[in-house]
Amino acid sequence: MNVRLIVLIFALINVNFVQSLRRRVVAARRGQVSNPDEKLTVPAIISRHGYICETHTVVSQGYMLQLHRIPHAKYDNAVPRKTALLQHGLFGNSAHWILNGPRNSLAYVLADAGYDVWMANIRGNRYSKGHAWLQKDSQQYWDFSWHEIAIHDMPAILDYIKGVKSDSEIAYVGHSMGSTILFAMLSSRPEYNSYLESGVALAPMAFIKDIESPIIWLSSTVETVAPVEMRHGRHEFRPAVSSYVSDFVEPCTPEHFRTSSCKDMLFSLCGANERQFNSTLLPVFVNHLDMSTSWKTLQHFAQELDNEGEFQLFDYGSSNRRIYGTRKPPKYDLSKIKVPLALFWGMNDYVSVENDVQKLYDKLKTPSKMYAVSDPEFSHLDFLWAKDADVLINNRVLVYLNDENKLDIDVTSLEW
Ligand SMILES: *[C@@H]1O[C@H](CO)[C@@H](O)[C@H](O)[C@H]1NC(C)=O
């Protein structure tokens, strides 16, 4: 055989060998540094911690919405009478209620305190992507904002839970847009007030006049771009690939993840709190973000910003008359809300800020409480990931929910 051929074959084998060795070393090194929760699904993470997790599917307007349920405490398998429904915010999913681990995440805290815990996933997120007849890249699929979630999906979810547990009133907890959905539902479909025993809004979002997050710089772009994208382009907004923001969000994508730049970005958008920040948790958190939403959701927020931060229905322009019978979109009628509410806000939250929460509180006719989290640096994401989330927020939410007489307790002054 030709010597050169032998040398060549040898060289090729060697190159392959070296490459595969390198791949194995890299994989091993990755394996050592990464947390298993980065790649696991919500039910798998919950099971890993020794809790039961059920998945239920609720169909609403064809969207197949997945609910994750922790039906009972870790060491007591009788299904409790009390029921809690947790609703995540924008770019989130049910993971937001469990990633901070059993001690610090609200879902586990409620389960161990005797609640049957249900975590919803909004249409279009990774757990609720399915649709009975619409294509996932179609215009119709993405033709929704929080309003459609509030008037169709949340009622369907509540009906479903009532079907499983007819004897139980439900405590609703929403973070950020998860609270917007609650306010919009109770004012637009007031018959659902009777389903809920109480509501908790973490970083409440209704009025957004004084929002401090630089995210508002995008609002005029959104107003120009969204209608075009919704009609002709991608109806789905994905920050990681959208030319408007992709450079900015890149360090927080799993492929280009860099702890310090990702942290800086999230801090600049939502408020910074070094003391409560867990850098080990960040890559896990980022892997579970749902970096996708509808353009219409963004446009709905942008319209409100453009309108003195009013809490109002979607502005369809010249079609408003046909749809609403008025030239301008109606405001949500907050006086229809009858469920007792607690509004928890963070003093260093750039998104849900005191003046706006106060305005909401003043407009509510239902018995309500407004609580500032005692940490002066507490920000938008601390509700989900703070190192001391148990003492700062979760234990207090629990006291509020368990209190029969929702007006008597000042949960922020309790000592732990
Ligand atoms: C930080 O997050 C990691 C990963 O989730 C967790 O194991 C650790 O306990 C957290 N540290 C604190 C102080 O909460």
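The values are calculated or read from the model by the stated rules, or taken from the named source; none is laboratory data. Keep in mind that what you see is a predicted model, and the values were worked out from it rather than measured. Counting neighbours? That spans all protein chains shown, and the Cβs are built from the backbone with ideal geometry, glycine included. Protein only, heavy atoms only, side chains kept; ligands, DNA and RNA dropped before computing areas. Shrake-Rupley method; radii C 1.70, N 1.55, O 1.52, S 1.80 Å.
Residues that are within 16 Å of the ligand (Cβ to nearest atom), in a helix (DSSP H, G or I) and either open to solvent by 20 Å² or more (accessible area, probe 1.4 Å) or under 19 Å from residue 217 (Cα atoms) (or both) within the range 264-280 comprise 266, 274, 275, listed in sequence order. Residues that are in contact with a Lys or Arg (Cβ under 8 Å, 6 or more places away or on another chain), within 22 Å of residue 203 (Cβ to Cβ) and among the small types (Gly, Ala, Ser) are absent from the range 323-338.
Every residue, every condition in (1) loosely packed, with under 13 Cβ neighbours inside 10 Å; (2) under 30 Å from residue 133 (Cβ atoms); (3) at pLDDT 55 or above, yes or no:
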site	(1), (2), (3)
20	yes, no, no
24	yes, no, no
27	yes, no, no
31	yes, no, no
34	no, no, yes
41	no, yes, yes
49	no, no, yes
53	no, yes, yes
58	no, yes, yes
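For residue 188, are the conditions met, namely being open to solvent by 30 Å² or more (accessible area, probe 1.4 Å), polar (S, T, N, Q), closer than 19 Å to residue 145 by Cα and at pLDDT 90 or above? Break it down into steps so the answer makes sense when it comes.
On the way: open to solvent by 30 Å² or more (accessible area, probe 1.4 Å): yes; polar (S, T, N, Q): yes; closer than 19 Å to residue 145 by Cα: yes; at pLDDT 90 or above: yes.
Answer is yes for this residue.
Checking each residue of the range 296-314 against the condition of being open to solvent by 20 Å² or more (accessible area, probe 1.4 Å) and hydroxyl-bearing (Ser, Thr, Tyr) gives no match.
For the range 370-394, name all the residues that are under 21 Å from residue 179 (Cα atoms) and over 20 Å from the mean Cα position of the chain (by Cα).
370, 371, 372, 374 - these are the residues of the range 370-394 that are under 21 Å from residue 179 (Cα atoms) and over 20 Å from the mean Cα position of the chain (by Cα).
In this structure, is residue 65 buried (at least 19 other Cβ atoms within 10 Å of the Cβ), within 16 Å of residue 173 (Cβ to Cβ) and at pLDDT 95 or above? Here the answer is no, as residue 65 does not meet what is asked.
Checked against the criterion of being more than 28 Å from residue 380 (Cβ to Cβ) and within 16 Å of the ligand (Cβ to nearest atom), the candidates 50, 114, 101, 62 yield just one match: 50.
Go through the range 208-247 and give me each residue that's among the β-branched types (Val, Ile, Thr) and over 17 Å from residue 138 (Cβ atoms).
Result: 208, 211, 215, 216, 221, 222, 224, 225, 241, 245.
Regarding residue 342, is this residue in contact with a Lys or Arg (Cβ under 7 Å, 6 or more places away or on another chain), in contact (Cβ under 8 Å) with a residue 40 or more places away in the chain, of a type outside the set (D, E, K, R) and within 30 Å of residue 266 (Cα to Cα)? For residue 342, the condition - in contact with a Lys or Arg (Cβ under 7 Å, 6 or more places away or on another chain), in contact (Cβ under 8 Å) with a residue 40 or more places away in the chain, of a type outside the set (D, E, K, R) and within 30 Å of residue 266 (Cα to Cα) - is met.
Quick one: would you say residue 132 is without any contact (Cβ under 8 Å) to a residue 12 or more places away in the chain and surrounded by fewer than 24 Cβ atoms within 10 Å (Cβ to Cβ)? Talk me through it step by step, then tell me what you get.
Working: without any contact (Cβ under 8 Å) to a residue 12 or more places away in the chain: no; surrounded by fewer than 24 Cβ atoms within 10 Å (Cβ to Cβ): yes.
It is false that residue 132 is without any contact (Cβ under 8 Å) to a residue 12 or more places away in the chain and surrounded by fewer than 24 Cβ atoms within 10 Å (Cβ to Cβ).
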